[in-house]
1. Please state, as a whole number in µm²/s, the translational diffusion coefficient that the Stokes-Einstein equation yields for segment 96-138 at 37 °C and 0.692 mPa s, with Rh defined as the Kirkwood radius across alpha carbon pairs.
2. So if I average 1/r over every pair of distinct C-alpha atoms in segment 4-67 and take the inverse, what Kirkwood radius in Å does that give?
3. Neighbouring Cβ atoms within 10 Å as the yardstick, rank Lys120, Lys77 fewest first.
4. May I ask you to derive the relative contact order of the chain, considering only C-alpha pairs under 8 Å and at least 6 residues apart, and to give it as an integer percent?
5. Starting at the first residue of segment 39-50, write each ³J(HN,Hα) from the Karplus equation 6.51 cos²θ - 1.76 cosθ + 1.60 with θ = phi - 60°, in whole Hz, x for Gly and Pro.
6. For segment 66-77, in order, what is each residue's ³J(HN,Hα) by Karplus, 6.51 cos²θ - 1.76 cosθ + 1.60 with θ = phi - 60°, in whole Hz (x at glycine and Pro)?
7. What number, rounded to the nearest 500 deg cm²/dmol, is the helix-based mean residue ellipticity at 222 nm of the chain, given -39500 (n - 2.57) per DSSP H run of at least four residues and division by all its residues?
8. Mind listing the long-range amide H neighbours of Tyr139? Cut-off is under 5 Å, sequence gap 5 or more, other chains count too, H placed in the peptide plane at 1.01 Å from N.
Amino acid sequence: MREDLSVPPTLERLRRHLVGLRMPRALEMLDHMMRQIERGEVGALEALEALLAEELTLRESRRIKAALQMARLGTIKTLSAFDFAFQPSLDRHRILALAQLDFIARHEVVHLLGPPGTGKSHLAIALGVEAVRAGHSVYFATLADIVASLGRAEREGNLRERIRFLCRASL
């Protein structure tokens, strides 16, 4: 039986599918995974899972990066980098409970109050980072920035739009 030369080999079709599906990381890893399959190091299902996992990791990384930029968090700070020993009056377990982000689903407000230099901004940014990683929309601004932007919006006649914008974020 003669092979139809107009049909590209399966691997070439797979490459085209990955391009069409916009899966650049999987496309990049394809040849490596095929060599591993040929050497018997992984099975076909494991290779497919690895390709999809790589692509998912890339997409999640891009999503988080874009969401962090949109959140206007400035310098990224994490809870693991917070020095609880520097602020012994702070209840570490309470902060870690906040990091579970249940307050967002309950539409609760969290106030971080205290004198300058006590870690309020660090904790707010760290909670924002946790929220972004969990898939929530975040917008970071100081109260002074919010008041100023609302005043400017009122003067420019677009206060309603500004309030809508500020209310869109989950946190």
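1. So the translational diffusion coefficient is about 298 µm²/s.
2. After inverting the pairwise mean of 1/r, the radius is 12.8 Å.
3. Working: Lys120 15, Lys77 19.
Ascending Cβ contact count within 10 Å gives the list Lys120, Lys77.
4. Computed over the chain, the figure is 20 percent.
5. Values per residue, Gly and Pro as x: 7, x, 6, 9, x, 4, 5, 5, 5, 4, 4, 5 Hz.
6. 5, 5, 5, 5, 5, 6, 6, 6, x, 5, 6, 10
7. -19000 deg cm²/dmol
8. Leu171
A short reminder: the numbers here are calculations on the coordinates, not readings from a lab. These numbers were taken from a predicted model, which means no experiment stands behind them. Heads up, the Cβs are rebuilt from the backbone with ideal geometry, glycines too, and the neighbour counts pull from every protein chain shown.
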